[in-house]
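A short write-up of the structure that comes next.
The values are calculated or read from the model by the stated rules, or taken from the named source; none is laboratory data. Just so it is clear, the model here is predicted, and its values are computed rather than measured. Positions of Cβ are backbone-derived with ideal geometry, glycine not excepted, and every protein chain shown enters the neighbour counts.
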Amino acid sequence: MTDFVSGADFEELFRTFQHTAFRLETQGTYGEPVEDEPLRRFLAGEPPDDSWLTPWIDNVRDATAKGREFRRVRVLSTPLTDYLRFEMDLALRANIPAGEDIRSLTVSEAEALGVPIGVDFWMFDDTRVGVMRFGGRGMLGLEMITDAEQVEQFRLIRDRAWGAASRVEQWAALLQ
């Protein structure tokens with residue numbers, strides 16, 4: 001049996017993990033309503049207003065100051081979607097300075113590694129996986145998996161993706 005986590009329970013996962021929270025992002029857009037205005041501003045060339053992201057950034061800073069890690073691998077389409085350009089810009093301005101380690105793979109690199117495209121997940125402390133479920137306007141929640149054999153399959157995907165992913169210095173050049 002798996003649990004479905006959303007809302008405050010979802011947010012609590014990021015305050016209670018002990019060592020590492022890892023995210024695999026494989027989609028070219030997410031449609032999160034909270035990102036509509038920041039994305040519009042980005043595409044219009046207007047100055048950013050990242051206040052909507054403050055709770056996340058504050059949590060990342062607090063966790064990383066205590067020695068906990070936030071890691072992501074973002075799979076990038078070619079050419080980049082407008083949304084991916086926005087996410088990468090935001091990562092450089094906010095997520096990475098807060099302490100996240102965000103790396104990237106191309107779709108073809110991910111496919112060659114057996115990283116499933118269209119399957120996004122969070123892994124917490126190598127013991128729990130939250131497979132992200134999406135609707136037409138963003139994430140609905142996480143399907144939580146704690147079965148050791150299933151978690152191991154996601155750990156293998158994570159390790160292949162993380163081991164091959166490019167560091168920020170390499171993917172940031174794509175924004176030029």
Residue in region 113-132 that is surrounded by the most Cβ atoms within 10 Å (Cβ to Cβ), counting only those that are among the aliphatic types (A, V, I, L, M) and outside any loop (DSSP other than H, G, I, E, B): Val129
Pair list, Cβ under 9 Å, 6 or more apart: region 163-176 residue over 17 Å from Pro97 (Cα atoms) and of a type outside the set (A, V, I, L, M), other residue at pLDDT below 75 and exposed (fewer than 12 other Cβ atoms within 10 Å of the Cβ): none
Residues located in region 133-146, provided they are surrounded by fewer than 12 Cβ atoms within 10 Å (Cβ to Cβ) and assigned to a loop (DSSP other than H, G, I, E, B): Gly136, Arg137
Qualifying residue in region 19-33 (condition: more than 17 Å from the chain's Cα centre (by Cα) and either of a type outside the set (Ser, Thr, Tyr) or surrounded by 15 or more Cβ atoms within 10 Å (Cβ to Cβ) (or both)): no
Conditions (1) touching a residue at least 60 places away in the same chain (Cβ under 8 Å); (2) not in a helix (DSSP H, G or I): number failed by Pro47: (1)
Met88 at pLDDT below 95 and either closer than 19 Å to Ser166 by Cβ or outside any helix (DSSP H, G or I) (or both): yes
